[in-house]
Amino acid sequence: MPAWRTLGLLIAAAAAAEEWPPQRSVPEGPADFLYYNGKIVTMWDERPVVESMTVASGRILDVGTTQLVGRKAGPRTVQVNLRGRTVVPGLIDSHVHPISAALAESDGEIPVLRSFDDIRAHVERTLSESTGPVLVPKVYPTRLSERRYPDRRELDGYSGDRPVMLDNGYAAVLNSAALRAAGISASTPDPVNGNLVRDSMGRPTGLIVGARQLVAPLLASRTYSHEDRARALEVMQRAYLRAGLTSVIDGSQTAEGVRAYQELWKERALSVRTYVTRRLDTDRPIDEVLADIRGLSPVTGFGDAMFRIGSLRVALDGGTLLGSSYMPEPYGESTEVDGFDDPGDLAEIVGLAARLGWQMTAHTTGGGSTDILLDAYERVDRDLPIAGRRFTITPANFLSEEAIRRAARLGVVAGMQPAWYHYDGPALAGVLGPERMARLQPYRSIIDAGVVVAGGSDHMIKSDARQAINPYDPFFGMWIAVTRIAADGSVRNPEQRVTREEALRMWTLNAAYLSFEEDVKGSLEPGKYADFAVLDRDILECSEESLRGTQVLETVLGGRTVNRRP
């Protein structure tokens, strides 16, 4: 067994009941439940579609014909007539942000913002109902009808002397009061890690790309307690169950967020199986970053069936929608790779993490940053082979043919979110042109090259599965991957479409593979967790347009019904 995995096993074994990676275990029976008269899509090559399934002790006992699986039923077996409905394995979102998504609406619902008028209405209402600064999270210019941010003067027109900041994590726009509160003026030096946008007179327009330290005073004005985080997590996990999600991968968590998970785990209050990505702050000297990595414990794999420590994550660039992604060909300002003036630093981080037993991932939105990450992976691979470690790239929106080949050779997994293509492709097309747009989420090419693609949403705000930013409804994501229809109705690069079975695999077996859990979930096979969703339609046979409207009637986790539509 490789040393890196042995270390992970030793640490996990000290406090977790299950081995790592977890293994399937076929129960003896008799069955607790017999589900029959359905179309059960197992994602198991041996029996891909069956009519019946038995469950015992929270795991799948058998799947097949009613005559076959019924042999393991007993006098106390509960028999459930599916009445012809379709059943799929429990769905897995490979990239969500549940705590921040729920906290964003802790002061009230945030409406869907599609225009400057929507922003104004929301800000004015918030000003009338609260005191203190108004922080509006995850506002993307590509999703506004104006296709830009309002500037500080436009915000000033209705915000008065109250600080207002529209934010999305990679850029922010501030009104005049917010600029004053943050201590930003015409004399503020230009930041080295971003762009303080100025007008022709040298005065800040209100838009700040990157340079998060400049808006830190405003961010600090809204703080959350440990109890806030834990309760927010509970609320969002219940919402995920309603969407048929039985497992998720939290895409980026701080130490405070991990503690919220640990508390709910200790209380047995987690309702969705979660693999938590640990975020690493790399905006510091490399020696401090390496010291932090050495001090982190436990590593990838610690936990049990409901909670596990997942990847170690760094961020290499900003947002594609703001011109702060690092692309092979520059298309905007501030397109450097954040925090890595020396690419050798990244390889040093990846190498240390690998030696200590961490799975590695990174935020790379632009093709240039993805290339740099693959460079680091290759550099480490020369001394410490990474095949089998399932290092990841996400969201990896732009992938060249060469990058795809490199990822395949290294065994790298692609964690991707089709919503970025759907909502933002139309705006990006006018900036990037057809040649670069051909590299935007080329699913067919990636899958054909042998790279495992895990589907996800990058859910960040709102609890509604279809109105959220981004929507975490898995069938919406599958519909995008199958049709490549964008928000404006256009279809770009239709040759990159995938089949419905491939799309379903992205949200089941492939996502389970990303977290080393394909032996216990992702398909309905004997010995795997009895996680599944009962649907209101046959997603393999319904019309393409109907696919996006799929409703989950019942969600089952570990053999127990955890959600049922009235």
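The values are calculated or read from the model by the stated rules, or taken from the named source; none is laboratory data. Everything quoted here is computed from the prediction, not taken from an experiment. Cβ sites come from the backbone with ideal geometry, for glycine too, and all protein chains shown count toward neighbours. We work out accessible area using only protein heavy atoms, side chains counted, and drop any ligands, DNA or RNA first. Shrake-Rupley method; radii C 1.70, N 1.55, O 1.52, S 1.80 Å.
Do we find a residue being open to solvent by 60 Å² or more (accessible area, probe 1.4 Å), part of a strand (DSSP E or B) and aliphatic (A, V, I, L, M) anywhere in the range 25-40?
Within the range 25-40 (the criterion being open to solvent by 60 Å² or more (accessible area, probe 1.4 Å), part of a strand (DSSP E or B) and aliphatic (A, V, I, L, M)), the answer is no, since none of the residues qualifies.
Starting from the range 471-495, keep only residues that are at negative phi, then list their pairs with residues that are of a type in the set (Ser, Thr, Tyr) and open to solvent by 10 Å² or more (accessible area, probe 1.4 Å) whose Cβ atoms are within a distance under 7 Å, requiring at least 6 positions of separation or different chains.
Every condition considered, the pairs that remain are ALA487/TYR423.
I'm trying to understand the selection: among the residues of the range 158-187, which are surrounded by fewer than 16 Cβ atoms within 10 Å (Cβ to Cβ) and either farther than 23 Å from ASP107 by Cβ or basic (Lys, Arg) (or both)?
Matches in the range 158-187: ARG180, GLY183, SER185, ALA186, SER187.
Which of the numbered conditions does ASP424 fail, given that it passes all the others? Conditions: (1) open to solvent by less than 10 Å² (accessible area, probe 1.4 Å); (2) at pLDDT 95 or above; (3) not small (Gly, Ala, Ser).
Result: ASP424 passes all but (2).
Quick test of your reading of the structure: ALA403 fulfils all but one of (1) more than 15 Å from ILE446 (Cβ to Cβ); (2) not in a loop (DSSP other than H, G, I, E, B). Name the failing condition by number.
Among (1) more than 15 Å from ILE446 (Cβ to Cβ); (2) not in a loop (DSSP other than H, G, I, E, B), the lone unmet condition for ALA403 is (1).
Can you pull out the residues in the range 247-293 that are under 20 Å from HIS95 (Cβ atoms), part of a loop (DSSP other than H, G, I, E, B) and of a type outside the set (Ser, Thr, Tyr)?
Matches in the range 247-293: LEU270, VAL272, LEU280, ASP281.
Within the range 122-214, which strands (runs of 3 or more DSSP E) (wholly inside it) include 1 or more residues that are farther than 21 Å from ILE469 by Cβ and not charged (D, E, K, R)? Spell out the reasoning first.
On the way: elements: 134-136, 164-167, 171-174, 194-198, 204-210.
Hits in the range 122-214: 194-198, 204-210.
Which of (1) touching a residue at least 40 places away in the same chain (Cβ under 8 Å); (2) within 28 Å of PHE475 (Cβ to Cβ) does GLU234 not meet, given it meets every other one?
(1)
Return yes when GLY366 is within 19 Å of ARG492 (Cα to Cα), without any contact (Cβ under 8 Å) to a residue 60 or more places away in the chain and surrounded by 19 or more Cβ atoms within 10 Å (Cβ to Cβ) and no when it is not. First the steps, then the outcome.
Numbers: within 19 Å of ARG492 (Cα to Cα): yes; without any contact (Cβ under 8 Å) to a residue 60 or more places away in the chain: yes; surrounded by 19 or more Cβ atoms within 10 Å (Cβ to Cβ): yes.
So GLY366 passes the test.
At least 2 residues that are open to solvent by less than 10 Å² (accessible area, probe 1.4 Å) and either among the hydroxyl-bearing types (Ser, Thr, Tyr) or modelled with pLDDT of 95 or more (or both) in each: list the strands (runs of 3 or more DSSP E) lying fully within the range 41-107 that qualify.
Numbers: elements: 52-56, 59-64, 78-81, 86-89, 91-96.
Fully inside the range 41-107 and qualifying: 52-56, 59-64, 86-89, 91-96.
Kindly list the number of the only condition in (1) under 30 Å from GLN253 (Cα atoms); (2) modelled with pLDDT of 95 or more; (3) not in a helix (DSSP H, G or I) that fails for ASP464.
Status for ASP464: all satisfied but (2).
Please identify the pairs in which a residue from the range 408-424 that is over 17 Å from VAL498 (Cβ atoms) has its Cβ atom under 7 Å from the Cβ atom of a residue that is charged (D, E, K, R), counting only partners at least 6 apart or on another chain.
If the second residue must be charged (D, E, K, R), the pairs left are LEU410/GLU378; LEU410/ASP381; GLY411/ARG390; TYR423/ARG143.
Out of THR277, THR246, THR254, which single residue is under 30 Å from GLY183 (Cα atoms) and of a type in the set (Val, Ile, Thr)? I'd like the intermediate steps shown before the answer.
Values: THR277 fails: under 30 Å from GLY183 (Cα atoms); THR246 fails: under 30 Å from GLY183 (Cα atoms).
Answer to the selection: THR254.
Can you find a residue in the range 294-315 that is under 29 Å from LYS138 (Cα atoms), at pLDDT below 95, part of a loop (DSSP other than H, G, I, E, B) and open to solvent by less than 30 Å² (accessible area, probe 1.4 Å)?
No, there is no match, as no residue in the range 294-315 is under 29 Å from LYS138 (Cα atoms), at pLDDT below 95, part of a loop (DSSP other than H, G, I, E, B) and open to solvent by less than 30 Å² (accessible area, probe 1.4 Å).
Residue under question is ALA487, and the condition is that it be within 27 Å of ILE469 (Cβ to Cβ) and not in a loop (DSSP other than H, G, I, E, B); does it hold? Give the derivation first.
Working: within 27 Å of ILE469 (Cβ to Cβ): yes; not in a loop (DSSP other than H, G, I, E, B): no.
Against the criterion (within 27 Å of ILE469 (Cβ to Cβ) and not in a loop (DSSP other than H, G, I, E, B)), ALA487 does not qualify.
For the range 203-224, enumerate the residues that are among the polar types (S, T, N, Q) and open to solvent by 50 Å² or more (accessible area, probe 1.4 Å). Please lay out each step first, then the result.
Of the range 203-224, the ones among the polar types (S, T, N, Q) are 205, 213, 221, 223.
GLN213, SER221, THR223 - these are the residues of the range 203-224 that are among the polar types (S, T, N, Q) and open to solvent by 50 Å² or more (accessible area, probe 1.4 Å).
Please list, ordered by first then second residue, the pairs with beta carbon atoms under 6 Å, 6 or more apart or interchain, first in the range 376-396 and more than 11 Å from THR361 (Cβ to Cβ), second open to solvent by 10 Å² or more (accessible area, probe 1.4 Å) and assigned to a loop (DSSP other than H, G, I, E, B).
From residues that are more than 11 Å from THR361 (Cβ to Cβ), the pairs are ALA387/GLY411.
So, in the range 265-290, exactly how many residues are over 22 Å from ALA511 (Cα atoms) and among the polar types (S, T, N, Q)? Please lay out each step first, then the result.
Taking the range 265-290 as the starting set, the residues that turn out to be over 22 Å from ALA511 (Cα atoms) are 266-269, 280-290.
Of the ones still in play, those that are also among the polar types (S, T, N, Q) are 282.
The total comes to 1.
Identify, please: which residue in the range 231-275 is of a type in the set (Val, Ile, Thr) and under 23 Å from GLY415 (Cα atoms) and is, among those, surrounded by the fewest Cβ atoms within 10 Å (Cβ to Cβ)? Steps first, please.
Kept after step one, since they are of a type in the set (Val, Ile, Thr), are these residues of the range 231-275: 235, 246, 248-249, 254, 258, 272, 274.
Retained after the next criterion (residues that are under 23 Å from GLY415 (Cα atoms)): 246, 248-249, 254, 258, 272, 274.
Working: THR246: 27, VAL248: 28, ILE249: 26, THR254: 14, VAL258: 19, VAL272: 27, THR274: 25.
Of everything passing the filter in the range 231-275, THR254 is surrounded by the fewest Cβ atoms within 10 Å (Cβ to Cβ).
Can you tell me which of (1) under 21 Å from TYR140 (Cβ atoms); (2) out of contact with any Pro (no Cβ under 7 Å at 6 or more places or on another chain); (3) open to solvent by less than 10 Å² (accessible area, probe 1.4 Å) is the one ALA454 doesn't meet?
(1)
Just give me the residues in the range 358-416 being of a type in the set (Ser, Thr, Tyr), closer than 21 Å to GLY301 by Cβ and over 16 Å from the mean Cα position of the chain (by Cα), in sequence order.
Within the range 358-416, TYR377 is the sole residue that qualifies.
Name every residue in the range 109-134 that is touching a helix residue (DSSP H, G or I) at 6+ places or on another chain (Cβ under 8 Å) and not hydrophobic (A, V, I, L, M, F, W, C), in order of residue number.
Within the range 109-134, PRO111, ARG114, ARG120, GLU124, PRO133 meet the criteria.
For the range 279-300, enumerate the residues that are in contact (Cβ under 8 Å) with a residue 60 or more places away in the chain and basic (Lys, Arg).
ARG294 - this is the single residue of the range 279-300 that is in contact (Cβ under 8 Å) with a residue 60 or more places away in the chain and basic (Lys, Arg).
Please enumerate the residues belonging to the range 472-496 that are basic (Lys, Arg) and either open to solvent by less than 10 Å² (accessible area, probe 1.4 Å) or closer than 27 Å to VAL87 by Cβ (or both).
Taking the range 472-496 as the starting set, the residues that turn out to be basic (Lys, Arg) are 484, 492.
Within the range 472-496, ARG484 is the sole residue that qualifies.
I'd like to check something: does the range 378-394 contain any residue that is more than 28 Å from GLN496 (Cα to Cα), at pLDDT below 90 and not in a loop (DSSP other than H, G, I, E, B)?
Among the residues of the range 378-394, not one is more than 28 Å from GLN496 (Cα to Cα), at pLDDT below 90 and not in a loop (DSSP other than H, G, I, E, B), which makes the answer no.
Which is without any contact (Cβ under 8 Å) to a residue 60 or more places away in the chain, within 13 Å of PRO526 (Cα to Cα) and of a type in the set (A, V, I, L, M), of VAL55, VAL80, VAL63, VAL69?
Values: VAL55 fails: without any contact (Cβ under 8 Å) to a residue 60 or more places away in the chain; VAL80 fails: within 13 Å of PRO526 (Cα to Cα); VAL63 fails: without any contact (Cβ under 8 Å) to a residue 60 or more places away in the chain.
Unique residue meeting the criteria: VAL69.
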